Amino acid sequence: MRVRTNLYPGGKCRALTMSYDDGRIHDRRLIEIFNRYGIRGTFHLNSGKLDQEDFVTSAEVATLYAGHEVSLHTVTHPYLEITATEELIYEVMEDRRVLESLCGYPVRGMSYPFGTYNTKVVEQLRALGIRYSRTTQATNKLYVPDDFLMWHPTCHHKNDIMAKLESFRKRPGPGALLYIWGHSYEFANHNNWELMEEFCAAAGGDKDTWYATNIEIYDYITAQRSLTLSADRTMAYNPSAISVWVGIEGEPVECKPGVVTKF
């Protein structure tokens, strides 16, 4: 019996997630586009810049980002690899505290300011309970990361995302993850909102694609990796709190949380 742990919720064969930094006012238009086509994303905010000119307000965070994910980007956007340990802890935990008070749920992920980090930063974030952090290093691949604290996206939105979408749709076999990142103000600066309109119109509405936030991807893959198969591959125990889908001889099977599923 062939068991494959490469399906997403509902037995879907691929996943799409978006990731946008800084919390500028242009997030409002980007979210309107996302919502129109059923695209979901994560927005990494600097709490120290909220309510400033050209940034979103504290009062609108909960409603504006509803249905998406609010995530960390530090308080003031420093280079973390040259930041003292005590200051790094403040930048991360204070940003988390403020954002949690605004959005009403635990904030567990982030993206690196300027996309930069080093081994020490990664380990400090791990100790602080941060579950994932996105870099700016494009892989041009459609894979999930080995270590979510060094989560390299597929590409920036300026890098021929329509071609990436085509490859995503045509990739043989399940398990594909298309991860696109950027800043919403770039569309205003370059006067090319039609790029995201075109992409979302083409990407949305696909029954075989799971549209997810960054933290949902993390939670699902973590649960998937915790699945324990029996030696003869005829059953699986799912110790997590969410359902995990596996492929059994090419057919999707749901492994419900906290129970043994027999195939």
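The values are calculated or read from the model by the stated rules, or taken from the named source; none is laboratory data. This one's a predicted model, so the numbers in the text were calculated from it and none came from an experiment. Because the Cβ atoms are built from the backbone with ideal geometry, glycine has one as well, and the counts that use them run over all protein chains shown. For the accessible areas, the whole protein counts, side chains as well, though only heavy atoms, and no ligand, DNA or RNA atoms are used. Shrake-Rupley method; radii C 1.70, N 1.55, O 1.52, S 1.80 Å.
Some observations on this one:
- Residue-averaged [θ]222 nm for the chain, counting only DSSP H segments that reach four residues, each worth -39500 (n - 2.57): -9500 deg cm²/dmol
- Region 31-74: GluC sites (Glu not before Pro) falling in loop per DSSP and having at most 12 other Cβ within 10 Å: Glu53
- For the chain, the share of accessible area belonging to carbon and sulfur comes to 51 percent (1.4 Å probe, ligands and nucleic acids excluded).
- Based on C-alpha pairs under 8 angstrom that are at least 6 apart in sequence, region 111-241 has a relative contact order of 16 percent.
- Seen through its C-alpha gyration tensor, with square-root eigenvalues sorted a ≥ b ≥ c, region 191-263 comes out prolate because a/c lies at 1.5 or above while a/b is bigger than b/c.
- Sites matching trypsin sites (Lys or Arg not before Pro) across region 196-256 that sit in DSSP coil, with at most 13 neighbouring C-beta atoms within 10 Å: Lys207, Arg233
- Residue of Thr234, Thr154, Thr42 that the Gaussian network model of the chain assigns the largest fluctuation, springs spanning Cα pairs under 10 Å: Thr234
- Summing charges over neighbours of Cys13, with a neighbour being any other residue whose Cβ is under 14 Å away from its Cβ, gives +4 when K and R count +1 and D and E count -1.
- Per residue accessible area of the chain, 1.4 Å probe, in Å²: 45
- GluC sites (Glu not before Pro) restricted to region 205-263 and DSSP loop, no more than 15 other C-beta within 10 Å: Glu249
- Ordered by solvent-accessible area of protein heavy atoms (1.4 Å probe), largest first, the residues Tyr90, Tyr105, Tyr20 come out as Tyr90, Tyr105, Tyr20.
- Rough spin-label spacing in nm, given labels placed 7 Å along Cα→Cβ, for Lys120 and Thr228: 3.9
- Only aspartates and glutamates eight or more places from Lys256 in sequence, or on another chain, were considered; those with a Cα closer than 16 Å are Asp219.
- Efficiency of FRET from Cβ geometry, Glu53 and Tyr105, R₀ 30 Å, rounded to 0.05: 0.60
- Of Lys120/Lys141; Lys120/Lys170; Lys12/Lys49; Lys12/Lys164; Lys158/Lys207, those spanning more than 28 Å from alpha-carbon to alpha-carbon: Lys120/Lys170; Lys12/Lys49
- Annotation: extensible slack from Ile242 through Lys141 equals 33.7 nm (criterion: 0.36 nm per residue apart, minus Cα-Cα distance).
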